[in-house]
Each structure stands twice: as structure tokens, then as C-alpha cells.
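*Asks:* Let me give you the structure first, and then I'll get to my questions.
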């Protein structure tokens, strides 16, 4: 009797796994078809929210964090972020970026780890990674267990329509786990091309730009995030110093 129950349980798990695999395969095919339609379109009225929602659904198909050895280095790209792991001297982390072939732009949200001691690249997949982007910024903080990422941009393939992110993420480099930080009160507006660094337990963000296709707005605001007083950004004014940098990205 116990064996029958175990066999039925195993059969149920196998059917569930097969169903999930089938759904993942179906969603992947759908996404590829949709992407090919978008890339082949001459129109620039692409609904970026719809495209990003499709990416989000694809991301959720990953059931856990995985790390696989790559055959070679990551694909060519620009405007990605590269940082030394604050908790492992042999790890360099690369996230996101974009590639433009002269006609179409492609955006990435892959996390690659370079093992310095092995001369080896590895690809990390996760069910909750940030969506594809370029021009984002990230930095470690005083705590060596965390890396923080803010903002970035995404565009239609022909770069006629842009979307700027205002989301804030924390990566644990040791586990490769991403966490989206939901902040209280005022937060930095969406942007890309900004810079981030840290001082003690503070994260400092400055500048960047917003591109609405019709115009580009450069920013000169300074924001500070206290990693100990979690979930709160503070906007800082440099006007009294009369030496504040001009708007830039």
C-alpha cells in the first residue's frame, strides 16, 4: 500500500514537472515569435510595457537560481555594469547592457560571473532578476554581502521609444539572489547614465538623464540611501556650496 502511494506521488510529481516544462517551452516559443515580429516591424509605436511584461513572464519560468559554465565570454555589449565581488576576491560580476548592430538594439538582463582564478565565465539565471536594461548603475556598500543597482533604460529595437527604470535592487553576490527594494517616501526619478558609489553605509547617486524620444533631460540631483535605515532615500541639496556639478550623464 505504501509503495502504491509512493508510486502515485512520484507519478504526480513527474506529470507536474512535465507540465511546467511544456508551459516553459510554449512561453519561450511565444516570446521568440513576438520578438521577431517586433524586430521586423517598421513601426516605432511598440508597446514597451507589453514587451517588458513578456520578459517578466519569461523570467518567472526559472524555478531557482542556477549557475552554468559558459563556452566563452559574454556577448558583445555596451552600457553594462561590471564590479568586483565584495565578498570573493576571485569573482567579477557583469550585468545587463545593450548591443546595437547598426539597425536594431538588443538589451540584456543576464548576470555573468568571471572566476579570475580559473579564467572561467559562468552564467547565472534567476526567477527574480531585474528586467533587461542598459545605462544602469550599481555599487557595493559598507556591508560586503550586498551590491545595489538602480535604474537604467530599455528601448524599442529601432530606438524610437524609450523606457527608463526607477527600480532599486539588491544582489547578494554569495548566493546570486536578487531582491527588489520597495522604498518609502520620495525616491530618485527614473533615469539612466547616472553614477553610484558608497561611503560607509551610505549609497550615493548622482545625475543621469531621461530620454522621452522628443527630448532629453539631464539631471543634477544628488540622492543618498542609508542601508542601515532601510527603505528610505534622502535628496541632498548642494546649492549652498555653490560648487555643485552641472547636469550630466
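Read-outs throughout are calculated quantities, based only on the coordinates presented, and are distinct from any laboratory measurement. No experiment lies behind these values; they were computed from the predicted model shown. Positions of Cβ are generated from backbone atoms using ideal geometry, with glycine treated the same way; all protein chains shown enter the neighbour counts.
*Asks:* Given labels modelled 7 Å from the Cα in the Cβ direction, how far is it in nm from residue 179 to residue 82?
*Replies:* Between residue 179 and residue 82, the simple spin-label model gives 2.9 nm.
*Asks:* Now, a different point. Let me understand the stretch 53-144 better: what is its radius of gyration from the alpha carbons, and its Dmax, in angstrom?
*Replies:* Spelled out, the Cα radius of gyration and Dmax of the stretch 53-144 are 13.8, 42 Å.
*Asks:* Report, to two decimal places, the Cα Rg of the stretch 46-236 normalised by 2.2 N^0.38 Å (N = number of residues).
*Replies:* Dividing the Cα Rg of the stretch 46-236 by 2.2 N^0.38 Å gives 1.01.
*Asks:* I would also like to ask the following. Any idea how far the Cα center of the stretch 178-204 sits from the one of the stretch 43-90, in Å?
*Replies:* 20
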